[in-house]
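Please read the structure below before turning to the comments.
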Ligand code: SF4
């Protein structure tokens, strides 16, 4: 799970992104959750300048066909790739089969991310970590899909 969803102040702006629901805390109490902030795991500080994926989406960054850059043009792709690998390592070490990640983040977003112009415009695509987890068979949901995530969890428990 994205660490910022559990109240950890690891976002680029030094804030958290805990949703107004106790379902995540319940899953933590039940021992179901491992958490990570891929950007911090990749070596970036808190706070840090915002970054967006330019020239594609997370899957393109993984393929070396797009970059993650800050507004000043500095390339932080390496840190995002390192963080994504760290998240995959943690997931695989813990037998994780599903992930709940923060919507629209260039690391954690799924289905929709910002378009790389720093103008709040969105485009289809996944963040770098979300794309890597999905490539390895982990079902990814955002914090805006908690109902669907709970349904998927129930399905996994019957397998
Ligand atoms: Fe949250 Fe993911 Fe951004 Fe870290 S990288 S602050 S976990 S959305």
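The values are calculated or read from the model by the stated rules, or taken from the named source; none is laboratory data. A quick note: this is a predicted structure, and the numbers were derived from the prediction, not measured. So basically every Cβ, Gly included, is an ideal-geometry build from the backbone, and we count neighbours across all protein chains shown.
Things worth noting here:
- Note on segment 1-33: residues that are within 20 Å of residue 92 (Cα to Cα), within 9 Å of the ligand (Cβ to nearest atom) and in a loop (DSSP other than H, G, I, E, B) amount to 1.
- Among the helices (runs of 4 or more DSSP H) confined to segment 74-159, the ones with at least 2 residues that are surrounded by fewer than 20 Cβ atoms within 10 Å (Cβ to Cβ) and modelled with pLDDT under 95 are located at 146-157.
- Segment 113-130, residues that are within 18 Å of residue 38 (Cβ to Cβ) and more than 13 Å from the ligand (Cβ to nearest atom): 125
- Pairs with Cβ under 8 Å, 6+ apart, first in segment 2-15 and in contact (Cβ under 8 Å) with a residue 24 or more places away in the chain and over 20 Å from residue 86 (Cβ atoms), second near the ligand (Cβ under 9 Å from one of its atoms) and assigned to a loop (DSSP other than H, G, I, E, B): 14/46
- Of the residues making up segment 1-19, those that are closer than 20 Å to residue 110 by Cβ and out of contact with any strand residue (DSSP E or B) (no Cβ under 8 Å at 6 or more places or on another chain) are 4, 6, 8, 10, 11, 16, 18, 19.
- If you go through segment 34-68 and keep only what is more than 10 Å from the ligand (Cβ to nearest atom), closer than 20 Å to residue 90 by Cβ, touching a strand residue (DSSP E or B) at 6+ places or on another chain (Cβ under 9 Å) and part of a loop (DSSP other than H, G, I, E, B), you end up with nothing.
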